[in-house]
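In what follows, a structure is listed as structure tokens, so that the remarks can point back to it.
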Amino acid sequence: SKGTYPYYMLKEIDEQPAVMRRIVDAYLPADGSVTVSADLLTALDQADRLYIVAAGTSYHAGLVGSYLFEQVAGLPTEVHLASEFGYHMPLLSAHPFFLLLSQSGETADSREVLVNVKKQGYPVLTMTNTAGSTLSREADYTMLLHAGPEIAVASTKAYTAQIAVQAVLAKALGLHRNLTAAKALNLRHELSLAAAGMQTLMDEKDQIKNLVGQYFPNQAHAFYIGRGEDYPLSLEAALKLKEVSYVHTEGFAAGELKHGTIALIEEDTPVLAFITDDATAAHTRSNLQETEARGAHTMTIVSEHLAQPTDNIVLPDVAPLLSALVGIVPAQLIAYYAALGKGLDVDKPRNLAKSVTVE
Ligand code: F6R
């Protein structure tokens, strides 16, 4: 039940710190080890390339996960849309391993991929929120998200759970391979930090509600921009805003705007920038200024250690590879309040179903 919450979406955004703690309890004992099946690790260790396949928000979580698998576990990783991969399979590596990400475990496009790759004899892991779902039953291995039931059509806690559980697997494989990057990532601690950071942002939700009133009084279009891992984060932030508030929103690689799309910026178009990465912070800021010079109403969402006094939303610092865990929270709230402000049914956006069981 929604309890005291007006909508499931707000309840589920609010549950994210607890979900992070459940994932810690399920996978990360205090002795620094990781609870992942030995068979799964052995199979994954033999792979020369990981293929993450998913749809929608789960695809965006996979994009974040690819950085974790490459940097923490040294495993080359590609991320694909299930609806494309089912019919246009790329040339695969010699020893591929498949990771299907699906909150529901019932998405038809993802199932089609699973059936195809199983037919070819490749190993498949499903990460899903739903034990006993079709994708879980048909895969070789399952890791559960432990997010609890997600009722609102717009996915929130399953996204952050997917990132955290991918981090668990990347850490486990990195440890199995004795990699320094994996030993250096104290994931138990980092996920607890992320949980606390999420809570801090939830406690500031009235401030975000005010910003929505200022930036989205009546906007038809908006942009989220970011570089590096802030780019996939921008894609997910944009999906949230467009699907629940119907504000047409694009997520964009910050440096790519000026190669064409900046033509769309008009007086007062909201452009929201994620800045969590030291290496590209200055570049993203200058890309944002380029839009401001063309009339954009700019907003910055910035990690604490990079924040300046004029920034709009400050994200508590977490490990750089996990910045999307906290970065997405204000974007989920922005989507929620933008939809609420328009009097929309936040939990049931038009034209959408919770799980898409047709191809
Ligand atoms: C967006 C959303 C969808 C799903 C997508 C995949 O908020 O919920 O984009 O992420 O339909 O669904 P699952 O993860 O169940 O395969």
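Applying the set (1) part of a helix (DSSP H, G or I); (2) more than 18 Å from D206 (Cα to Cα); (3) not hydroxyl-bearing (S, T, Y) to N351 leaves exactly one unmet item: (1). Checking every residue in region 112-124 against the condition of being more than 8 Å from the ligand (Cβ to nearest atom), part of a loop (DSSP other than H, G, I, E, B) and within 25 Å of Q16 (Cα to Cα) gives zero matches.
Among the residues that make up region 131-141, is at least one of them open to solvent by 10 Å² or more (accessible area, probe 1.4 Å), aromatic (F, W, Y) and free of Cβ contacts under 8 Å to residues at least 60 places away in the same chain? Checked region 131-141: no residue is open to solvent by 10 Å² or more (accessible area, probe 1.4 Å), aromatic (F, W, Y) and free of Cβ contacts under 8 Å to residues at least 60 places away in the same chain.
Considering S104, S83, the condition of being open to solvent by 10 Å² or more (accessible area, probe 1.4 Å), in a loop (DSSP other than H, G, I, E, B), within 16 Å of the ligand (Cβ to nearest atom) and of a type in the set (S, T, Y) is satisfied by S104 alone.
Table: residues versus (1) β-branched (V, I, T); (2) within 26 Å of M198 (Cα to Cα).
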residue: Y231; (1), (2): no, yes
residue: A238; (1), (2): no, yes
residue: A253; (1), (2): no, yes
residue: I262; (1), (2): yes, no
residue: T284; (1), (2): yes, yes
residue: V302; (1), (2): yes, yes
residue: A307; (1), (2): no, yes
residue: I313; (1), (2): yes, yes
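Only one entry of I208, I225 meets the criterion of being assigned to a strand (DSSP E or B) and closer than 15 Å to I328 by Cα, and that entry is I225. Taking the criterion of being modelled with pLDDT of 95 or more and part of a helix (DSSP H, G or I), would at least one residue in region 265-282 satisfy it? Yes, there is a match, as at least one residue in region 265-282 is modelled with pLDDT of 95 or more and part of a helix (DSSP H, G or I).
Just one of (1) within 16 Å of the ligand (Cβ to nearest atom); (2) open to solvent by less than 60 Å² (accessible area, probe 1.4 Å); (3) in contact with a helix residue (DSSP H, G or I) (Cβ under 7 Å, 6 or more places away or on another chain) fails for V153. It is (3).
Conditions (1) of a type outside the set (D, E, K, R); (2) within 16 Å of the ligand (Cβ to nearest atom), marked per residue:
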{"site": "M299", "(1), (2)": "yes, no"}
{"site": "E304", "(1), (2)": "no, no"}
{"site": "S323", "(1), (2)": "yes, no"}
{"site": "A339", "(1), (2)": "yes, yes"}
{"site": "G343", "(1), (2)": "yes, no"}
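The values are calculated or read from the model by the stated rules, or taken from the named source; none is laboratory data. Please read these numbers as outputs of a predicted model, since none were measured by experiment. Positions of Cβ are generated from backbone atoms using ideal geometry, with glycine treated the same way; all protein chains shown enter the neighbour counts. Accessible surface areas use protein heavy atoms only, side chains included; no ligands, DNA or RNA. Shrake-Rupley method; radii C 1.70, N 1.55, O 1.52, S 1.80 Å.
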